[in-house]
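Read through the structure below, which is laid out as structure tokens, and then see the notes.
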Amino acid sequence: MTSISASPIKLHREQFPALANKTYFNYGGQGPMPQRAMDAIAQTQAYVQEIGPFGNEAYSWIAPQTQAARVAIASEFHAPFETITLTQNVTVGCNIAMWGIEWRAGDHLLLSDCEHPGVIATSQEISRRFAVEVTTCPLKATLNEGDPVKIIAQHLRPNTRLVILSHVFWNTGQVLPLDKIAEVCRNNHSFLLIDAAQSAGLLPLNLTELGVDFYAFTGHKWLCGPAGAGGLYVRPEARESLKPTFIGLNGIVVDSQSQPVDWLPDGRRYEVSTLAYPLYLGLKEAIAIHQQWGTSQERYEQICHNSEYLWRQLTALSNIKCLRTSPPESGIVSFQLTNSQPQANLKLVQFLESQRILTRTIADPSCIRATVHYFTLESEIDLLVEAIQSFCKNS
């Protein structure tokens, strides 16, 4: 897919009210919700209040609705629904995986140098509590050249229990070849946890074939669902090795006296209690709207078309440097002002926001990040580039 007709995509965009009064390039931070998703959340709350909210009728209705949301999420990622744990976000999913490993003193945990602060902080606390050594491997430098698989292999040790990587780096947009990395980790008997904050809803995914052990994702970014609805994929072969940390009624089997006797046999074992089920029904509707437009592969191809369109315009500007030296592999386009003064990136982002054009700054590497979706318009990209030109001319 090389381009799309403006008329159909504009009709599709009308389902996203937030796009009506702004030019949006922050899908990697939080995606705008479609009206149908918001309606599903509100209607679910209203209906449960009408029939319950605490009673057999309510729970008889809620259970299949929640299951349908789990199935929809699993279908989008080509995974069995039994492998999906419903969580609030990526951070919760990562914590389930990281704390569920039975750490031993002297174990090794490997991160890349592009991971999110939440994951880094959790790794540091695991290191403190269990005498686990945490190191990083330099993948940031492989954005334009080098072999990330080779570098990861070089930094693995015989005692590496867990490797944590982002599928798509949140700062530079680099996409890692996870199938090859998973094979390297599996051969080393190391678990592989993936932070999927920037890949779920952006990349076409088949988690069954990918080979990772844990894949923590959120619904509120590229999937355009509500904040507070996400999940964790746990490979069936890894499930028995991953112990629940936060424990509640939703994840256990009880006997006739309501006493806990076992874990549930699937991804529900890591759920605690009182899921915010209306949010997952909202996410289900958001996924359905994306699927109406096209397959995950078609959406990804259009995202890459849009990101290349933006990248080519930015690289043509004399006072802008894109971090990537070739067209992006994702919807993330990160760039810097050349010969700029301190705080220039922040001032540009603030200027753009004053024009109702939303982007963000990234601290490491210091840059501006613009994210485009499949329904981003080329006219919106033109507006962004024109505003950047205006700022540079008047600075």
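Derivation of every value follows stated rules applied to the coordinates shown; laboratory data play no part. Quick caveat: nothing in here was measured; it's all calculated off a predicted structure. Here Cβ is always computed from backbone atoms with ideal geometry, including for glycine, and neighbour counts include all displayed protein chains.
A compact table of results
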{"item": "Greater than 23 Å apart at Cα, pairs in Lys347/Lys393; Lys22/Lys321; Lys140/Lys243; Lys140/Lys321; Lys22/Lys221; Lys221/Lys284", "result": "Lys22/Lys321; Lys140/Lys243"}
{"item": "Isotropic mean projected area of the C-alpha convex hull, region 290-395 (nm²)", "result": "6.8"}
{"item": "Mean-position separation - Cα centroids, region 33-104 and region 258-326, in angstrom", "result": "16"}
{"item": "Size of charge dipole - region 121-233 - debye, nearest 20, with Cβ of Lys, Arg +1 and Asp, Glu -1, no other charges", "result": "260"}
{"item": "About the Cα centre, charge dipole magnitude for region 16-175 (Lys/Arg +1, Asp/Glu -1 at Cβ), debye", "result": "280"}
{"item": "Packing-based ranking, highest mean first, of 269-281, 197-209, 148-160 given that Cβ atoms within 10 Å are counted", "result": "197-209, 269-281, 148-160"}
{"item": "Helix-only CD estimate at 222 nm, as mean residue ellipticity for the chain, using -39500 (n - 2.57) per DSSP H run (n ≥ 4)", "result": "-13000 deg cm²/dmol"}
{"item": "Cα lying deepest toward the dipole's positive end in region 39-290, options Val119, Ser75, Pro226, charges on Cβ", "result": "Val119"}
{"item": "All-pairs alpha carbon distance profile, region 202-301, 10 Å steps from 0, percent", "result": "13, 35, 34, 14, 3, 0"}
{"item": "Among Tyr374, Tyr300, Ser326 - extreme Cα towards positive end, dipole of region 275-395, charges at beta-carbon", "result": "Ser326"}
{"item": "Separation between Cα centres of region 329-370 and region 223-254, rounded to whole Å", "result": "36"}
{"item": "Relative contact order (percent, whole number), the chain, Cα cutoff 8 Å, 6+ residue spacing", "result": "22"}
{"item": "Spherically averaged projected area of region 129-265 from its Cα convex hull (nm²)", "result": "10.7"}
{"item": "Residues with amide H under 5 Å from that of Cys137, placed H, sequence gap 5 or more", "result": "Leu111, Ser112, Asp113"}
{"item": "Mean Cβ neighbour count within 10 Å, used as a protection proxy, ranking 44-55, 85-96, 375-386, 116-127 highest first", "result": "85-96, 375-386, 116-127, 44-55"}
{"item": "Options Gln43, Ala238, Gly282, ranked by Cα towards positive dipole end of region 39-290, top entry (Cβ charges)", "result": "Ala238"}
{"item": "Dipole magnitude of the chain, debye to nearest 20 (Cβ charges: Lys/Arg +1, Asp/Glu -1, about Cα centre)", "result": "840"}
{"item": "log₁₀ of I(q)/I(0) at q = 0.07, 0.10 Å⁻¹ - the chain, Debye sum with one point per alpha carbon", "result": "-0.34, -0.69"}
